[in-house]
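Asker: Below you will find the structure I want to go over with you.
What follows is calculated from the coordinates using simple rules that are stated; it is not laboratory data. Note that the structure is predicted; figures quoted are calculated from it, not measured. Here the Cβ positions follow ideal geometry from the backbone for every residue, glycine too, while neighbour counts run over all protein chains shown.
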Amino acid sequence: MSLVVLTGGPGSGKTTLIDALERSGLARTEEAGRAVIRDQLAVGGRALPWEDRERFAELMLDRELRSYHEARAAPGAGPVLFDRGLPDLVGYLRLEGIPLPARVHTAAGELRYHRTVFIAPPWPAIYAQDAERKQSYEVAVRTYEVMAEVYPEYGYELVELERVPVAERVAFVRSCLGVGSST
């Protein structure tokens, strides 16, 4: 089984692509950041990127670790898609100017994904803010740049996705993963 990460800045089509890949039969995980934000908003919590960034990062680490271990333990031989991975947390901390805890560095270095990581570039034509995505487009671009730095630092090879329709992105990712066309 291979654990495959899709990363990039907010609003670059990652989740839309992963949703489409899931519909084509591939397994996936949920993006930790969005899940934490949704949970915190639902319970009136403060572990939000616009209130308590350090606590938000801790909860993202917990969720990423759980997703990683659940995917590793799941039956099946096909790829499991991750909407961001542990190195994204390193990038988030770097972007926010928060010191990198040793446990985050260790997790990002020791818990490995497929060597090839897909990165979605900034795409102004599809970028939009919502209740969980409050970053400006400029922050989305900087997030992409940081992820493009961080993943190679942890030994991953980045493959940039083209700004093409979702169906073309699906076909490209499936081809790269060697899983053929969707059913």
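Asker: At 18 Å minimum axial length over the Cα atoms and a Kyte-Doolittle cut of -0.5, report the qualifying DSSP H helices in the chain, or say none.
Answerer: Within the chain the helices that satisfy the rule are 137-153.
Asker: Another question, then. Counting Lys and Arg as +1 and Asp and Glu as -1, what is the net charge of the other residues whose Cβ lies under 14 Å from the Cβ of residue 78?
Answerer: On the way: positive: 28, 72, 174; negative: 22.
Around residue 78, the surrounding residues sum to +2.
Asker: Please build a GNM for the chain, connecting alpha carbons under 10 Å apart, and tell me which residue among 161, 61, 100 fluctuates the most.
Answerer: It is 100.
Asker: Please go through the stretch 60-103 and write out the GluC sites (Glu not before Pro) that DSSP classes as loop and that have at most 11 other C-beta atoms within 10 Å.
Answerer: Of the GluC sites (Glu not before Pro), not one in the loops of the stretch 60-103 has a Cβ with at most 11 other Cβ atoms within 10 Å.
Asker: Taking 0.36 nm per residue of separation and subtracting the Cα-Cα distance, what length does fully extending residue 164 through residue 110 add? The partial results should precede the final answer.
Answerer: Details: separation 54, 0.36 × 54 = 19.44 nm, distance 3.35 nm.
So the extension gain works out to 16.1 nm.
Asker: Residue 136 to residue 42: extension gain in nm, 0.36 nm per residue of separation minus the Cα-Cα distance?
Answerer: Value of the extension gain: 31.5 nm.
Asker: Next question, about the same structure. Need the full-extension length gain, residue 102 to residue 69, defined as separation in residues times 0.36 nm minus the C-alpha distance. One decimal, nm.
Answerer: 9.9 nm is the gain from fully extending residue 102 to residue 69.
Asker: What nm distance separates the two modelled labels at residue 157 and residue 16, each placed 7 Å from Cα along Cα→Cβ?
Answerer: Placing both labels 7 Å along Cα→Cβ, they lie 2.8 nm apart.
Asker: According to the square roots a ≥ b ≥ c of the eigenvalues of the Cα gyration tensor, what is the shape class of the stretch 76-175, taking rounded for a/c under 1.5, prolate for a/b larger than b/c otherwise, and oblate for the remainder?
Answerer: oblate
Asker: For the stretch 54-102, what mean projected area does the convex hull of the alpha carbons give, in nm²?
Answerer: That works out to 3.8 nm².
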